[in-house]
Amino acid sequence: MLDNYRSPWLDEDVAPFADSVRRFVTTQLAPMEEKWREQHQADRASWLATGEMGMILPDIDVEYGGSGGTPAHLAVVVSELFYAGVSGMGVGINHIVGHYILDDGTEAQKQHWLPKIASGEVICSVAMTEPGTGSDLQAVRTRAVKQGDKYVINGAKTFITNGQTSDMVAVVAKTDMSAGSKGISIFLVDTKLPGFRRGKCLDKIGLQSSDTSEMFFDDVEVPADCLLGGIEGKGLYTLMKQLPFERAQIAIGAAATMERALKLTLEYTKERQVFGKPVLDFQNTRFSLADVKATVFASRTFCDHIIAQWVNGKLDSTLASMGKFWLTERQSEVLDTCLQFFGGYGYMNEYPIARMWADARVARIYGGANEIQRELVGRSL
Ligand SMILES: Cc1cc2nc3c(=O)[nH]c(=O)nc-3n(C[C@H](O)[C@H](O)[C@H](O)COP(=O)(O)OP(=O)(O)OC[C@H]3O[C@@H](n4cnc5c(N)ncnc54)[C@H](O)[C@@H]3O)c2cc1C
């Protein structure tokens, strides 16, 4: 697609993993998408098979159930899922929660959760957003009040990915309402606990195979050792530390999606005859797709820089935010341009380009709206 370009981080250690992940994703997961779209969630058996393949938390130590790889292995997983159009499995959320625990959890929390998260036995959610607040994380109203050796959690969350299926939710809650950012903590909550309730699976314009839900916490009593790291008030620190990696995953997904869009559009426009010639033979199509190809190439090299910095432990918040807003906006433009060349078929859900177009819209909103990303980058100027 991008002629002879090869991502520098896709070295001899990572390339064989990429090959086997692509085979697995194409043969085992992509064919499931149709069913997952109907039921608005992925099957548990597929989560387990994905864990078995070493695709969940591939970058953490074997001791904790990972594969001992690097962020490059994680980038492979994200890229291949997006490239194949598999949007039903929110493994990215398992990666995020796994890293909260790996970096800031107690040893007991690591031993208890990480192997199960990596195997796919435990599906995770991250519950930050509430009906009253999303972008302004410090305004969360969910409360966790200490009572003896437990905390009692009350509050409501919304737009939570894996919300219908998760076994454990990393809940962002206030342990001190008067301490501002220092009053925020994260709790690892088992969804079988009394008082936890899932709301309805929300009706979205895209990402039909992914479950996104409300969640309610009514006097949910959790043992004190569910507090991440065992120290109150460290929640915002953990979130801020991990957000660049979440944003990098969104940027990687955008780059892979654009590559797929260009591939599908070239295939279609070479095939589809209009006025007696392939759509690609119109100069307008060639000029537009030349622009798309340049954008896809620039996006790939930008994305590769982000991955390389991540692998080298140098991915900072500014770079991740730049990548998140820039790549997701190019993604929307590229998909819109590509969809046009499919004519009416581009508007039919049966065609992957239509789904990709609808799925892509959210990438400019979640993981922190792109305006927030610009704010963050603005601080570096
Ligand atoms: C499909 C989907 C999946 C999601 N998954 C999760 C999940 O798993 N866990 C979770 O916790 N959340 C999740 N979210 C929530 C998502 O992260 C929030 O929707 C997002 O952070 C924006 O918050 P909000 O919707 O409350 O918008 P608001 O905070 O109400 O913002 C609305 C708009 O205001 C503008 N705006 C906000 N702040 C600023 C600013 N400082 N400067 C300029 N403009 C600004 C932006 O245009 C923004 O889009 C998901 C959302 C969707 C749609």
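What the table below lists for this structure:
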read-out	value
Residues of the range 110-132 satisfying the condition of being under 20 Å from the mean Cα position of the chain (by Cα), within 9 Å of the ligand (Cβ to nearest atom) and not aliphatic (A, V, I, L, M)	SER125, THR129, GLU130
Given (1) within 16 Å of the ligand (Cβ to nearest atom); (2) over 25 Å from LEU327 (Cβ atoms); (3) small (Gly, Ala, Ser), index of the condition SER87 fails	(2)
ALA75 vs. criteria touching a residue at least 12 places away in the same chain (Cβ under 8 Å) and part of a helix (DSSP H, G or I)	yes
Residues that are more than 15 Å from the chain's Cα centre (by Cα), within 12 Å of the ligand (Cβ to nearest atom) and of a type in the set (D, E, K, R), drawn from the range 352-378	GLU371, ARG374, GLU375
Options LEU339, LEU266; residue that is free of Cβ contacts under 8 Å to residues at least 40 places away in the same chain, within 30 Å of ILE372 (Cβ to Cβ), more than 19 Å from the chain's Cα centre (by Cα) and crowded, with 17+ Cβ neighbours inside 10 Å	LEU339
Conditions (1) surrounded by 18 or more Cβ atoms within 10 Å (Cβ to Cβ); (2) within 23 Å of the chain's Cα centre (by Cα); number of the one not met by GLY229	(2)
Inter-residue pairs, beta-carbon under 9 Å, first in the same structural domain as VAL78 (by TED's automatic domain parsing) and under 19 Å from PHE82 (Cβ atoms) and in the range 30-44, second part of a helix (DSSP H, G or I) and among the aromatic types (Phe, Trp, Tyr), 6+ apart	ALA42/TRP36
Candidates VAL140, VAL152, VAL126 - the one that is among the hydrophobic types (A, V, I, L, M, F, W, C), within 24 Å of ALA42 (Cβ to Cβ) and in contact (Cβ under 8 Å) with a residue 12 or more places away in the chain	VAL126
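The values are calculated or read from the model by the stated rules, or taken from the named source; none is laboratory data. Keep in mind it's a predicted model, so treat the numbers as computed, not measured. Here Cβ is always computed from backbone atoms with ideal geometry, including for glycine, and neighbour counts include all displayed protein chains.
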